[in-house]
Amino acid sequence: MKNGKNYKFWFATGSQDLYGEDCLREVEQHARKIVEGLNNSGRLPFEVVWKPTLIDNVTIRKTFNEANADEECAGVITWMHTFSPAKSWILGLQEFRKPLLHLHTQFNEEIPYDTIDMDFMNTNQSAHGDREFGHIVSRMGIERKVIVGHWNDKEVQERIAGWMRTAIGVMESSHIRVVRVGDNMRNVAVTEGDKVEAHIKFGWEIDAYNVTDIAEYVDAVPKADVDALVDKYYDQYEIITEGRDEKEFREHVAVQAAIELGFEQFLTEKNYHAIVTNFEMLAGLKQLPGLAIQRLMEKGYGFGAEGDWKTAAMVRLMKIMAEGTKDAKGTSFMEDYTYNLVKGKEGILQAHMLEVCPSIAKEKPAIKVCPLSMGKREDPARLVFTSKPGKAVATSLVDMGNRFRLIVNEVNCLPQEKAMPKLPVASAFWRPEPNLATGAEAWILCGGAHHTAFSYDLTVEQMTDWAAMMGIESVVIDKNTTIRDIKNELRWNEIYYR
Ligand code: MN
């Protein structure tokens, strides 16, 4: 999966001409060294591009508009080396439409006690100039990220890296196109939502097709291609027939191979990045897409079951944000299924009818063919596995009627206590922060869905920053959550987002 662009971030240093040419030369040298240091750190997922020092409203406005127009520019990082009168920034900021990071840093790490004089003070006064800049951005009500600390510090660089991924999420959100193959599951509330509002807020295009339209693509896949893909499956995965006839088993697997190839052809041709299905609406398909959807998710497509386009788009978005993460552990569609309420072992068993992304698998996935016990189709082939242990985020985007709310829960995925030999689906087991009882109570009070977009590779900070950039409400459930506080937060948000 590629997001298609070689994104870069511009580094814009603020100053003014009050301190003379020598000072401006030093400002430029320092900014260039910082950009070089950031790029050489090996910690940033995208390149930082140095831009000439900004000292007046003409160049500032011009630079921000060039950033708007440059398709590869995913955002601007600003830093005021000296004092830079902030009225000069108003026009440029007003016209700027991309993510903004205010890096509140300075060139030197330590005060040079032995040599410091007034020339040094005038040249190196970010503590002063960045406050002036921060004031105007706050006064103008512009959403931005502020990161404080020395530019060569590991934590500062890691936070910049995290923000860059959020910025890519903001930039790429407007390119997400979701195809709905069938509508929302009958009578289900939480997977519904206002698609026009989602287009306005997030830029998502959400289109419906008849299942028969995509089924034609599945039927058109040449048999040789299906056979070749089935061979690939048999190489790549364990095969657990559980006593089924070998030939019959393989035929069931072949149905999913044809669905994978046909769906991918449809998605590529029509330029969609996420898909929803509904087990109630499968006209023309022999099986509910299972293994096929799991593999498409692994390739970077978003997915939501039962017509859940919000989660499908979120899975796609989070896969783009996490793309290229070193030692990535995976991102998937997920569903809360059943609890373990034993004291000290509390947690939620996560799974779905079939569709969990193998990017989160702990071990080599296995193919099984089992009855679905819902719908009226053939037994679908699916990948079965358990998931990696570790910290992750579970997110749910819900439509509250007058606004979208993003709920973000920190969760801890735990090793499966015992094997579940009769469970025919992929699963994870997690304990939500701050604990199961408070976490689940808070989730329910927030109106969170049973479907989530889940990732080991993103953080609460990144997801809430993305929500802020999109101008929507976000609520966090983490180790600091108390029921009293979250009830108040929800009440206050009710007023703020009215
Ligand atoms: Mn479901």
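At-a-glance table
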{"item": "Top-ranked residue of segment 297-337 - restricted to ones that are part of a loop (DSSP other than H, G, I, E, B) and aliphatic (A, V, I, L, M), ranked as surrounded by the fewest Cβ atoms within 10 Å (Cβ to Cβ)", "result": "Ala328"}
{"item": "Among the residues listed as Thr459, Thr452, the single one being in the same structural domain as Lys388 (by TED's automatic domain parsing), buried (at least 17 other Cβ atoms within 10 Å of the Cβ), β-branched (Val, Ile, Thr) and out of contact with any Ser or Thr (no Cβ under 9 Å at 6 or more places or on another chain)", "result": "Thr459"}
{"item": "Residues of segment 396-410 satisfying the condition of being in contact (Cβ under 8 Å) with a residue 40 or more places away in the chain and farther than 12 Å from Cys446 by Cα", "result": "Asn402, Arg403, Glu410"}
{"item": "In segment 338-370, the residues that are away from the ligand (no atom under 16 Å from the Cβ), assigned to a strand (DSSP E or B) and closer than 23 Å to Glu260 by Cα", "result": "Ala361, Ala366, Ile367, Lys368, Val369"}
{"item": "Within segment 424-498, strands (runs of 3 or more DSSP E) holding 3 or more residues that are closer than 17 Å to Arg405 by Cα and modelled with pLDDT of 95 or more", "result": "451-455, 473-477"}
{"item": "Tally of residues being outside any helix (DSSP H, G or I), buried (at least 17 other Cβ atoms within 10 Å of the Cβ) and out of contact with any His (no Cβ under 9 Å at 6 or more places or on another chain) across segment 15-42", "result": "2"}
{"item": "Selection count, segment 287-331, where residues are farther than 23 Å from Ala74 by Cβ, in contact with a Phe, Trp or Tyr (Cβ under 9 Å, 6 or more places away or on another chain) and within 16 Å of the ligand (Cβ to nearest atom)", "result": "14"}
{"item": "Matching entry among Ala449, Ala426, Ala392, Ala419 (being in contact (Cβ under 8 Å) with a residue 12 or more places away in the chain, away from the ligand (no atom under 16 Å from the Cβ) and either in contact with a helix residue (DSSP H, G or I) (Cβ under 7 Å, 6 or more places away or on another chain) or of a type in the set (Gly, Ala, Ser) (or both))", "result": "Ala392"}
{"item": "Enumeration of residues in segment 273-286 that are away from the ligand (no atom under 14 Å from the Cβ) and buried (at least 24 other Cβ atoms within 10 Å of the Cβ)", "result": "His273, Ala274, Ile275, Leu285"}
{"item": "Answer residue from segment 153-203, given it is within 14 Å of the chain's Cα centre (by Cα) and assigned to a loop (DSSP other than H, G, I, E, B) and is nearest to Ala283 (Cα to Cα) among those", "result": "Ile176"}
{"item": "Residue count, segment 82-104 (criterion: surrounded by 24 or more Cβ atoms within 10 Å (Cβ to Cβ), modelled with pLDDT of 95 or more and over 27 Å from the mean Cα position of the chain (by Cα))", "result": "1"}
{"item": "Verdict on Val76 being in a helix (DSSP H, G or I) and either under 21 Å from Met171 (Cβ atoms) or of a type in the set (Val, Ile, Thr) (or both)", "result": "no"}
{"item": "So Ile206, is it part of a helix (DSSP H, G or I) and either within 29 Å of Asp308 (Cβ to Cβ) or free of Cβ contacts under 8 Å to residues at least 60 places away in the same chain (or both)", "result": "no"}
{"item": "Segment 371-390, residues that are in a loop (DSSP other than H, G, I, E, B), under 24 Å from the mean Cα position of the chain (by Cα) and within 24 Å of His252 (Cα to Cα)", "result": "Phe385"}
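Conditions tested, residue by residue: (1) in contact (Cβ under 8 Å) with a residue 12 or more places away in the chain; (2) within 11 Å of the chain's Cα centre (by Cα); (3) farther than 28 Å from Ile206 by Cα.
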{"site": "Phe303", "(1), (2), (3)": "yes, no, no"}
{"site": "Asp308", "(1), (2), (3)": "yes, no, no"}
{"site": "Val315", "(1), (2), (3)": "yes, yes, no"}
{"site": "Glu323", "(1), (2), (3)": "yes, yes, no"}
{"site": "Met334", "(1), (2), (3)": "yes, no, no"}
{"site": "Lys343", "(1), (2), (3)": "no, no, yes"}
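The rows are residues; the columns are (1) within 16 Å of the ligand (Cβ to nearest atom); (2) touching a residue at least 60 places away in the same chain (Cβ under 8 Å); (3) not assigned by TED's automatic domain parsing to the domain that holds Lys364.
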residue: Glu192; (1), (2), (3): yes, yes, no
residue: Ala198; (1), (2), (3): no, yes, no
residue: Asn210; (1), (2), (3): no, yes, no
residue: Ala215; (1), (2), (3): no, yes, no
residue: Ala220; (1), (2), (3): no, no, no
residue: Ile239; (1), (2), (3): no, yes, no
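The values are calculated or read from the model by the stated rules, or taken from the named source; none is laboratory data. Because the structure is a prediction, the values reported are computed rather than measured. So basically every Cβ, Gly included, is an ideal-geometry build from the backbone, and we count neighbours across all protein chains shown.
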